[in-house]
Amino acid sequence: MAAHNLKHALFCAIVTLIISYPILGFNLASEGTTVTLEGAKTSTVVGVLLAAVIVFLFQLFRDTLMGSLRQLPAVNPLTNRKPMEQSKRLKLDSVLLTLMIIGALIWPFIASRGAVDLSTLVLIYIMLALGLNVVVGLAGLLDLGYVAFYAVGAYTFALLSQYYGVSFWFALPIGALLAALFGLVLGFPVLRLRGDYLAIVTLGFGEIIRILLNNMTNLTGGPNGIGGIPDPTLFGMEFGRRVKEEGNTSFHETFGIAYSGEHKVIFLYLIALVLAVITAIAIRRLMRMPVGRAWEALREDEIAAKSLGLNRTAVKLSAFTIGAFFAGFAGTVFASKQGFISPESFVFLESAIILAIVVLGGMGSQMGVILAAIAVTILPELAREFSEYRMLIFGAAMVLMMVWRPQGLLPMRRIHIELKKQE
Amino acid sequence: MLEVQNLSMRFGGLLAVDQVSLDVREHEIVAIIGPNGAGKTTVFNCMSGFYKPTGGKILFKGGEIQGKPDYKISRLGLVRTFQHVRLFSRMTVVENLLVAQHRHLNTNLLSGILNTPNYREKEQKSLDRAAYWLDRVGLTDMANREAGNLAYGQQRRLEIARCMVTEPELLMLDEPAAGLNPAETKDLNQLIISLKEDYNVSVVLIEHDMSLVMDISDRINVINQGRPLASGTPDEIRRNDDVIKAYLGEA
Ligand SMILES: Nc1ncnc2c1ncn2[C@@H]1O[C@H](COP(=O)(O)OP(=O)(O)OP(=O)(O)O)[C@@H](O)[C@H]1O
Ligand SMILES: [Mg+2]
């Protein structure tokens, strides 16, 4: 066993050296027109060697290390406590929720402008993740092209405003419905697919939408994107310094206060908050309804579900459609927040991040997904100092998380249903 | 009530079911027996719409159902259990029973979101029916456990309860006694008889446990290597030479 470990550890260390030394250990230096290769600074070389030693040691003592890591949940007092009584837990849940919402309402008035802007982004991700949670977490359909529906929502608003001057409030339902329609249409061809095959085809769809947006230059402006997307208005009041559209008034003049760019940011945040809360409530309701249970039944056992009279086609399509609907919501808000969108915002990485949020949060669990959305959006911002290592830190956090808690931050809890006693 | 005429099912070169016929009348328990691999489950799969038979007819309440989609057949009142228990394991026991009552989802999407009185009344009815059947199969205390955590015998009973909440007219049980201990088998025996007597359900039953089959069946069909071998009352089957030969030859 020990000999085997040693061999394995040695092997890993050598692989580390082979991979990292050529990349980090040499520099290209240009002298005039010729490019020469020269060795890197000693500190870098030492760093690479040190990394190899660390890999060697980790692999050598891996079993003990991982063993103690696995003990962690047991040390955590929350894991082994007795399940709380039903009524008490419900009360605690609602108190916590109320506090969270109150906190979220106060937040924009105490935080800095940048923080509020970032929070709006968090809320958009919450909407996206809650929507994807329906498809992946509840219905068990691995969708890697979810960003396509987000793009549909965003581009619907951008195009409608550019060509027809449609306002945010009109575009919001249209964007969501159009995204839902796309979900429905794209759902048909993948009905028979499951697991890996489904993942690959949805991935393809995501890319098709992005490439279409990129190449339909006449309509979408291609890679240049669409700019000048208007901000939302509050009962016809605009938040800009000057009124852009005839017939509108401006917010700061109506209330006789000084103009501040912050008003708009706060207003957008509040809209996103309201929409995120609506999304959460609607999906929570759906989960307790026949459709929600049908989604889960299909995830658990498709054959049994069919044998009980569930129409697989209808159940799957409803999951795709409803998931896409909320992505459309999020897309419209995103377009309005940025004021400018281009296909760059809807790359595969975006789908991957939303999926990561769902998995990290705990499939099917709304609270978990919300927490994970906050963590995943804010962590990279906090790690800004390490700018180029941000993705690395992000990835490492994800790996650790999956080793330590594969079921996610807050795994889904089953709904307790009280039955009447039989006489 | 159910009539299977010359049913055949071919998988590539293998004729798994060859010209099998059987009929089930109202208020009757009919057993299908036969050695392993005889094609019994395949007959069930054809009847419940999982396979499209390559030959023959299946009539349920006078209408042809062969080749109809599975979910439509079960909505007609023909539901089944599986040889290997198929529960929604990560859902609770009650949820399993509720899902079974959700055949017409689309009609109540909006009324559900708005939680209208009509919707609530329907939901309450489903809950009551679930509670009734949980009590009936002795799983009331398990109502909010995850179905996958139940003991094997309990899972079997839950699967039957899940069929019964759909208020079927014909119930197809694929080896319901497999893996049960003698006491559990006796309970099952009683439950099946009561399904017929008290709830007026006809039962088609695949089973290897001969004492159970002989006890409760009104009629028995024997299949061997996909072909019908014999059919008749338990007494007739017991005395049938072909059947004895097939079973002894097997053993
Ligand atoms: N989907 C399928 N594809 C190919 N062959 C199949 C398929 N389903 C069943 N078979 C074959 O059909 C034959 C009959 O199988 P079936 O499961 O109906 O037997 P059974 O009578 O239920 O046996 P057991 O008592 O072991 O459950 C077997 O040889 C099996 O391998
Ligand atoms: Mg079988």
Flag if B:Ser231 is within 18 Å of B:Val24 (Cβ to Cβ), more than 16 Å from ligand 2 (Cβ to nearest atom) and open to solvent by less than 50 Å² (accessible area, probe 1.4 Å): no
Pick from segment B:117-138, criterion within 11 Å of chain A (Cβ to nearest Cβ) and aliphatic (A, V, I, L, M), ranking: nearest to A:Ser307 (Cα to Cα): B:Ala130
Condition met for A:Leu392 (open to solvent by 40 Å² or more (accessible area, probe 1.4 Å), touching a helix residue (DSSP H, G or I) at 6+ places or on another chain (Cβ under 7 Å) and of a type in the set (A, V, I, L, M, F, W, C)): no
Filter result for A:Ile271 (farther than 30 Å from B:Lys122 by Cα and either touching a Pro at 6+ places or on another chain (Cβ under 6 Å) or not in a loop (DSSP other than H, G, I, E, B) (or both)): yes
Inter-residue pairs, beta-carbon under 8 Å, first outside the structural domain of B:Asn224 (by TED's automatic domain parsing) and more than 17 Å from B:Ala161 (Cβ to Cβ) and in segment B:186-210, second away from ligand 2 (no atom under 16 Å from the Cβ) and charged (D, E, K, R), 6+ apart: none
Strands (runs of 3 or more DSSP E) enclosed by segment B:6-85 - at least 1 residues per element that are more than 17 Å from the chain's Cα centre (by Cα), charged (D, E, K, R) and more than 14 Å from every other protein chain (Cβ to nearest Cβ): B:14-24, B:55-60
Qualifying residue in segment B:218-234 (condition: part of a helix (DSSP H, G or I) and in the same structural domain as B:Gly13 (by TED's automatic domain parsing)): yes
Only one of B:Ile237, B:Ile244 that is open to solvent by 20 Å² or more (accessible area, probe 1.4 Å), assigned to a helix (DSSP H, G or I) and among the hydrophobic types (A, V, I, L, M, F, W, C): B:Ile244
Odd one out for A:Met237, checked against (1) open to solvent by 40 Å² or more (accessible area, probe 1.4 Å); (2) at pLDDT below 75; (3) within 21 Å of A:Gln338 (Cα to Cα): (1)
Single residue of B:Gly62, B:Gly56, B:Gly34 found to be within 16 Å of ligand 1 (Cβ to nearest atom) and within 15 Å of B:Glu3 (Cβ to Cβ): B:Gly56
Residues of segment B:1-23 satisfying the condition of being aliphatic (A, V, I, L, M), surrounded by fewer than 20 Cβ atoms within 10 Å (Cβ to Cβ) and within 11 Å of ligand 1 (Cβ to nearest atom): B:Leu14, B:Leu15
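The values are calculated or read from the model by the stated rules, or taken from the named source; none is laboratory data. Quick caveat, the model's predicted, so the values are computed rather than measured. In this analysis, Cβ positions are derived from the backbone assuming ideal geometry, glycine residues included, and neighbour counts consider all displayed protein chains. Areas reflect the complete protein model, heavy atoms only, side chains present, ligands, DNA and RNA absent. Shrake-Rupley method; radii C 1.70, N 1.55, O 1.52, S 1.80 Å.
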